[in-house]
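To keep things clear, I will list the structure first and then write my remarks on it.
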């Protein structure tokens, strides 16, 4: 029902039915570690931009990564709990098996959610004391968007606003936050570099919602993919995965040619686009793997972008 950003696995990575993890493995899987690059990569880019601006403090950067990751895990667990409570996740239609297969009890998920949000808030409080109140505003916005993505009374994911919330959370908020911790400044450059990353992470969400449009409709969830229809969803996906490359050429390279390191990865979205231009049966098979493939794209694209930014400073 949800995506690789909110942490759901695609069909290729689901555990074999009948084999239900227990104990520490169940707790680990409930955090959805396969989704972590969606928060780590934007923070790496923000840190690289700070390093380029001659600001760097290793302990603060590591704490930023840990705090951002804790908030991400808390949001994943919130999504698990409320999708299950709303009936959006069932045994027949759920990629996240945490509650539908009774890997954990609902109250266990709530306790784990509270732990990660509190731990993330504690780290965030320390970083605010070191950097400034502006970070508090960024963190509070991220906490609100992560919590109420599926939580009542908003549950804005179900109101066709999920893509917007994901873009803001995993694009501008994470990149700006990581940059601000180091520099104590809110600059235009990290905001601009956050845009292609936000679009690619929204593409993960959209790929998932495109795949699960019928299942979402059955429980009354309204997503952008439903509003656009099959053809519109396909074209929206094209736009989301190709626009970041226009950014690399038009703006990123003007800042430093080293950002062009990310350009060759365009072969990956072009391959995914081809697998959508097929007949119905093949399309269903292609959609089953599309969210995870899109998640892999953010790792290589964002990783090479961060490497390019660092390269411009080191060389």
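Among the residues that make up region 172-183, is at least one of them more than 14 Å from the chain's Cα centre (by Cα), under 17 Å from residue 79 (Cβ atoms) and in a helix (DSSP H, G or I)? Among the residues of region 172-183, not one is more than 14 Å from the chain's Cα centre (by Cα), under 17 Å from residue 79 (Cβ atoms) and in a helix (DSSP H, G or I), which makes the answer no. Inside region 201-223, residues that are assigned to a helix (DSSP H, G or I), touching a residue at least 40 places away in the same chain (Cβ under 8 Å) and either surrounded by fewer than 20 Cβ atoms within 10 Å (Cβ to Cβ) or out of contact with any helix residue (DSSP H, G or I) (no Cβ under 8 Å at 6 or more places or on another chain) (or both) make up a count of 2. Residues in region 1-42 that are part of a loop (DSSP other than H, G, I, E, B) and either modelled with pLDDT of 85 or more or closer than 18 Å to residue 73 by Cβ (or both): 2, 3, 4, 5, 6, 7, 8, 9, 21, 31, 32, 36.
Among the residues of region 184-200, the ones that are in contact (Cβ under 8 Å) with a residue 24 or more places away in the chain and either in a helix (DSSP H, G or I) or under 14 Å from the mean Cα position of the chain (by Cα) (or both) come to 11 in all.
Yes or no, residue by residue, for (1) part of a helix (DSSP H, G or I); (2) at positive phi; (3) surrounded by 20 or more Cβ atoms within 10 Å (Cβ to Cβ); (4) at pLDDT 90 or above:
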{"residue": "275", "(1), (2), (3), (4)": "yes, no, no, no"}
{"residue": "286", "(1), (2), (3), (4)": "yes, no, no, no"}
{"residue": "290", "(1), (2), (3), (4)": "yes, no, yes, no"}
{"residue": "294", "(1), (2), (3), (4)": "yes, no, yes, yes"}
{"residue": "299", "(1), (2), (3), (4)": "yes, no, no, yes"}
{"residue": "303", "(1), (2), (3), (4)": "yes, no, no, yes"}
{"residue": "307", "(1), (2), (3), (4)": "yes, no, no, yes"}
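The values are calculated or read from the model by the stated rules, or taken from the named source; none is laboratory data. From a predicted model like this one, the values you see are computed outputs, not experimental measurements. Ideal geometry is used to build each Cβ from the backbone, glycine not excepted, and the neighbour counts take in all protein chains shown.
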